[in-house]
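Participant: The structure's right below; bear with me while I get my questions together.
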Amino acid sequence: SQKIEQNSEALNIQEGKTATLTCNYTNYSPAYLQWYRQDPGRGPVFLLLIRENEKEKRKERLKVTFDTTLKQSLFHITASQPADSATYLCALAGGRGGGNKLTFGTGTQLKVEL
Amino acid sequence: NAGVTQTPKFQVLKTGQSMTLQCAQDMNHEYMSWYRQDPGMGLRLIHYSVGAGITDQGEVPNGYNVSRSTTEDFPLRLLSAAPSQTSVYFCASSRGTAGELFFGEGSRLTVL
């Protein structure tokens, strides 16, 4: 069955450093991958989408890579700020076996300290 | 724009009771979906719809019913609530099946 893995342990980094979060998947060949941010008690908010034929995508301080050979996506936040503290979710859909269903990982909590 | 609106925000039910979680969106999105979020389990898809009159099952559909009579509304019905349905429920919509999802603020349901 399809499996999406994100590091369940919280990632603690210092302000100004680059945060790197990992999303690995197995038994799946998604057509695209999305990243979301979720704050406590709130719904997830879309950040970036990257397609299977794209290696990298950037948006302001955010960068996402998508390696379909390694079956992995990396999510980077450069010059991190305390306001970046949240849980980050990756989600995959499309491709073989995916169809219309967006499947989410369990998320990684990021804490940016002063 | 209000985006995706969910009601109620909080609800406590007794085992066996029924209720409907409401979801409405004002973005004219064709695709709508319901997820539940539990600690350590992530977001799991319950049901989804690609347009009015069309619904399909997600990963965890048992115990839930949906219908889509209009583009705007996608209610989720619990016919006979069970403690295992205690969770936070999120409704989401998107322009197409591959687009970004817009989520509501969630409905926290407790079944005693």
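Participant: Please give the FRET efficiency for B:Val50 paired with A:Asn27, using the beta carbon to beta carbon distance and R0 = 35 Å, rounded to the nearest 0.05.
Facilitator: The calculated FRET efficiency here is 0.90.
Participant: Sticking with this structure for a sec: Against the empirical 2.2 N^0.38 Å scaling, what ratio does the C-alpha Rg of chain B come to?
Facilitator: That works out to 0.99 for chain B.
Participant: Mind grabbing the base-10 log of I(q)/I(0) for the stretch A:36-101 at q = 0.16, 0.17, 0.23, 0.28 Å⁻¹? Debye formula, identical points on the C-alpha positions, no solvent, two decimal places.
Facilitator: -0.62, -0.69, -1.12, -1.35
Participant: For the charge dipole of the stretch B:1-79, defined by +1 on Lys and Arg C-beta atoms and -1 on Asp and Glu C-beta atoms about the Cα centroid, which residue among B:Thr7, B:Ser69, B:Leu79 has the Cα displaced farthest towards the positive pole?
Facilitator: B:Leu79
Participant: Pick from A:Phe46, A:Phe104, A:Phe75 the residue whose mean-square fluctuation is largest in a GNM of chain A, springs joining Cα atoms under 10 Å.
Facilitator: Looking only at A:Phe46, A:Phe104, A:Phe75, the largest GNM fluctuation is found for A:Phe46.
Participant: Under 8 Å for C-alpha pairs, at least 6 residues apart: give me the relative contact order for the stretch A:23-99, rounded to a whole percent. The partial results should precede the final answer.
Facilitator: Numbers: 140 pairs, mean separation 31.6, N = 77.
Here the relative contact order equals 41 percent.
Participant: Considering only C-alpha atoms, what is the centroid distance from the stretch B:69-95 to the stretch A:49-114, in Å?
Facilitator: So the separation of the two Cα centres works out to 26 Å.
Participant: Lysine pairs in the protein assembly as shown with alpha-carbon atoms under 13 Å apart, 8 or more places apart or on different chains: how many are there? The partial results should precede the final answer.
Facilitator: Details: A:Lys3/A:Lys71; A:Lys17/A:Lys111; A:Lys55/A:Lys63; A:Lys55/A:Lys71.
For the protein assembly as shown, qualifying lysine pairs total 4.
Participant: So which residue, out of A:Gly16, A:Gly43, A:Gly94, gets the largest mean-square fluctuation from a GNM of chain A using Cα contacts under 10 Å as springs?
Facilitator: A:Gly43
Participant: Additional query: So if I place +1 on the C-beta of Lys and Arg and -1 on the C-beta of Asp and Glu, and nothing else carries charge, what would the dipole magnitude of the stretch B:1-92 be about its Cα centre? I want it in debye, nearest 20.
Facilitator: Roughly 340 debye, rounded to the nearest 20.
Participant: Which percent of the Cα-Cα distances in the stretch B:2-61 go past 13 Å?
Facilitator: Of all Cα-Cα distances in the stretch B:2-61, 72 percent exceed 13 Å.
Participant: While we're looking at this one, here's another question. Taking chain A as a Gaussian network, Cα atoms linked when under 10 Å apart, which of A:Leu33, A:Leu102, A:Leu89 shows the biggest mean-square fluctuation?
Facilitator: A:Leu102
Participant: Using the 10 angstrom Cβ neighbour count as an exposure proxy, how do B:Cys91, B:Cys23 rank, fewest first?
Facilitator: The most exposed by this proxy come first: B:Cys23, B:Cys91.
Participant: Calculate the radius of gyration of the Cα atoms of the protein assembly as shown to one decimal place, then report Dmax, the largest Cα-Cα distance, as a whole number, both in Å.
Facilitator: Gyration radius and largest Cα-Cα distance of the protein assembly as shown: 17.6, 52 Å.
Participant: Once each part is reduced to its C-alpha centroid, what is the distance from the stretch B:1-29 to the stretch A:1-47 in angstrom?
Facilitator: 26 Å
Participant: Let me ask something else. Quick one: divide the alpha-carbon radius of gyration of chain A by 2.2 N^0.38 Å and tell me what you get.
Facilitator: This ratio for chain A stands at 1.02.
The numbers here are math on the coordinates, done by the rules we state, and not lab data. Predicted model only: the values in this text are computed from it and were never measured. Heads up, the Cβs are rebuilt from the backbone with ideal geometry, glycines too, and the neighbour counts pull from every protein chain shown.
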